[in-house]
1. Going residue by residue through the stretch 376-384, is there one that turns out to be modelled with pLDDT under 95 and of a type in the set (Phe, Trp, Tyr)?
2. Residues in the stretch 598-633 that are touching an Asp or Glu at 6+ places or on another chain (Cβ under 7 Å) and either part of a strand (DSSP E or B) or more than 22 Å from LEU527 (Cβ to Cβ) (or both): how many?
3. Looking at the stretch 569-591, which of its residues are surrounded by fewer than 16 Cβ atoms within 10 Å (Cβ to Cβ) and closer than 28 Å to PHE362 by Cβ?
4. Count, please, the residues in the stretch 103-126 that happen to be out of contact with any Asp or Glu (no Cβ under 8 Å at 6 or more places or on another chain), open to solvent by 10 Å² or more (accessible area, probe 1.4 Å) and in contact (Cβ under 8 Å) with a residue 12 or more places away in the chain.
5. Spot the failing condition for THR398; the list is (1) under 23 Å from GLN109 (Cα atoms); (2) in contact (Cβ under 8 Å) with a residue 40 or more places away in the chain, and only one is missed.
6. Is there a residue in the stretch 95-102 that is part of a helix (DSSP H, G or I) and open to solvent by 30 Å² or more (accessible area, probe 1.4 Å)?
7. Can you tell me how many residues within the stretch 240-261 are open to solvent by 40 Å² or more (accessible area, probe 1.4 Å), more than 22 Å from GLY209 (Cα to Cα) and in contact (Cβ under 8 Å) with a residue 40 or more places away in the chain?
8. From ARG179, ARG188, grab the single residue that is modelled with pLDDT of 90 or more and open to solvent by 30 Å² or more (accessible area, probe 1.4 Å).
Amino acid sequence: MTPPPFPRVRWTSALTLAALGAGTVRARRRLRAVPVLPAPPTAADGLPRAAGWRLLTARGVEVNPATFLAACAHADRAGLRVLDLLPADLGAERALGLLRLVDPAGYRQDRLAEGRGAGYAVLVAEEVLARAGVDPGGTGLEGAGGREPADLLALVRRLKEYAADSTGLAIAPALSVGRAGDPAGPVRTAELRAQGLPPGVLAGAQLAGLALLAGLAGRQGRWGAAAAGLYWLQPYLVLGGPGAPLRPADLPAATAARPARSLAAAVRTAAAVLRTPDGAEADTGSDTARAAAYRAELAFGTDRFLEPRRTDCPWCGSRQLFVRVRVPDLLQGKPGRFTLEQCADCGHVFQNPRLTPDGLEFYYRDFYDGRGGEGAGTVFGRLGDSYRRRAEMLRPHTVDAPASWLDVGTGHGHFCNAARAVWPDTRFDGLDMGDGVGEAERRGWVETGFQGQFPEFAQKLAGRYEVVSMYHYLEHTRDPLTELDTAAAVLAPGGFLAIELPDPESRMARLLGPAWLPWFQPQHQHLMPASNLRGALADRGFTVLAEEHGRAHQGNDFFGAVALTTTRLAPDPGRPWAPPATRRGRALAHAVRAAALPCFAGAAALDALRTAVARRTDGGNAYRLLARLDDRRPTAPGEDW
């Protein structure tokens, strides 16, 4: 028998060693990409303009005038409006955590990247503070301190939204915070939440990683010891050595005692999460009022939120209907059960009975804004590649950049913000029912935000736009054909209509059944096959120029199925539309979520494989169409050309 190659290699240890090595090299490269503030200019060189800037600092952090002036000069030269200052003696683990989250080389250019910082000092332009509604207090260096690091971390995350392509990081050599001890569990939990990170999940992952390294070191000989040793030495390998731009005061201790300190930090964080109810950091009064309002509404039941069941297909009029899926609200866990029926003749899938307008308001509430606004914003902010692919679909079909673009169902304007990198000279406007469209305008992500139903703006916006986009919008509407009529009305002749929708003909819809995320009940009202949409566009004077399936695929089939199943088994204990959670209920929810972590990891791997296959075979869970409005078109339904 031929001996296996590399017979003494322990592959689990080797893969772990490779992953740690790659992470170490990446962190060191990122550290070298962080700018270092130069010495401030002298009076002979001309002092930088300090007016118009505010320096916000954490409690106990003092920034001398020279550093303030150097930061102002650097921000002016680089065209920055928000600049987070990293102390030269920043703690080792805090520095490593920041380098895991931020790639300084692309941080500024990524308009959707979340704002990140060290949590000690941040320089902000006054106009950005004004648009963000932040009162800095004082002027320049005066009266701007006294915040907790968690508050500054959350603030930088918010300010990046108002300075999407003008936020940066810099090391301030003269700024010092001294030797800070490891934060207590509640403090670390608050800081993680301020950055939009789930402390319970991260603590669980950290404990699992330490257990893996201990097992490798004890059972897999030299390879296991090498993996554990690399983890142990990582702080010094990244942050130490001659010429390192950061000089953490705790680097020797952080390196020598890393396993013990990491274990203690994970245990403290996990304990704090278990002691602190979900959402405890939120406004208690607001949560109490919200819960009371939900109780009052639910006292009348949820049947009143549904219209009578219709007996014919809203797309083709056929009466050959059958039930495709029945599911509860797996998104938020609000009471109610919903049915999607399918037309046997045209394949159209629709909610039947459908929600009333009051029902839609009830089930949308606290999902995209309010209680769920932050989570929804985080999800949308991670779709930058998808947004850019949508914007680039237009390139082969136009010579000049479009002058005007209306994004319908824009939410908080994430697509428009990302699309500016593709079409920097285009005016992007947004339309949505929610308050987020006004926030998008204040952030500068859209030029003008229109709030309301799209058909209400048919006359006001008639013929104004060269491009109208509807990305994952039509499936939310009560009457998608009327929405297409409105799009034809607001487009100039020869204008483009871009649409992206879930594909009800996807194989994954059959495989995953009720756990297929794009069913998205109760929000999705209609899911139409691509052939149906092509026909409807032709009836309205459009010519389809391009159709994409694989490139429109959203890699969330398996991950979404695990998430929906987890939510079904362990709903959010703090949801205000449910009875107050008991201690046992909270413990059960945490246990189910912890048990689901390996399932999420496996689902992510399957989704990556599924996405690669979808790209190669042009078959995915969504499709995207680009159509052009003909110069000559019917002026009324049924009218001849």
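1. The answer is yes, given that some residue of the stretch 376-384 is modelled with pLDDT under 95 and of a type in the set (Phe, Trp, Tyr).
2. 4
3. Answer for the stretch 569-591, where residues must be surrounded by fewer than 16 Cβ atoms within 10 Å (Cβ to Cβ) and closer than 28 Å to PHE362 by Cβ: LEU569, PRO579, PRO580, THR582, GLY585, LEU588.
4. 10
5. (1) is the only condition that THR398 fails.
6. yes
7. Residues that pass the stated criteria total 1.
8. ARG188
The values are calculated or read from the model by the stated rules, or taken from the named source; none is laboratory data. Keep in mind it's a predicted model, so treat the numbers as computed, not measured. Cβ atoms come from the backbone with ideal geometry, glycine included; neighbour counts cover every protein chain shown. Each accessible area value is taken on the protein alone, full model and side chains, heavy atoms only, with ligands, DNA and RNA left out. Shrake-Rupley method; radii C 1.70, N 1.55, O 1.52, S 1.80 Å.
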